[in-house]
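Okay, so here's the structure we're looking at.
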Amino acid sequence: MTEEDGTATTDPEVRVRQYVRRLDLRDPHRYTPWAQIAMTVPSASGICWLVCFIDGEVDVWRVDDETADYQFHSTDSPETGAQSK
């Protein structure tokens with residue numbers, strides 16, 4: 001993962017409260033709607049994010065999912081736009 005200033009980070013907690021959308025690398029034109037990362041959650045397969053969509057739906061996404069690419073949007077500085085994983 002990469003911070004908005006370009007520095008690398010391995011701590012998924014830094015993304016909590018940011019907005020994220022997911023691109024399925026098997027279909028490069030398929031993005032999810034934007035969702036907000038509510039928290040990190042442990043799982044048997046690795047650390048995940050609990051994401052909440054505007055319509056109230058929730059999902060759990062693996063932080064290190066190799067079949068997906070994430071774009072992030074900070075709540076603190078919306079003018080910076082999306083940042084890729």
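The values are calculated or read from the model by the stated rules, or taken from the named source; none is laboratory data. A quick note: this is a predicted structure, and the numbers were derived from the prediction, not measured. A quick note on method: Cβ atoms are made from the backbone with ideal geometry, for glycine too, and the neighbour counts reach across all protein chains shown.
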**OP:** Look at the stretch 17-32 and say how many of its residues are modelled with pLDDT of 95 or more and β-branched (V, I, T).
**Re:** 1
Subject >> First in the stretch 13-36 and of a type in the set (A, V, I, L, M, F, W, C), second anywhere and surrounded by fewer than 16 Cβ atoms within 10 Å (Cβ to Cβ) and part of a loop (DSSP other than H, G, I, E, B), Cβ under 6 Å, 6 or more apart >> reply: L25/T67
Original post:
Looking at the stretch 33-85, what strands (runs of 3 or more DSSP E) fall wholly within it and have at least 3 residues that are modelled with pLDDT of 95 or more and more than 13 Å from R17 (Cβ to Cβ)?
Top reply: 58-62
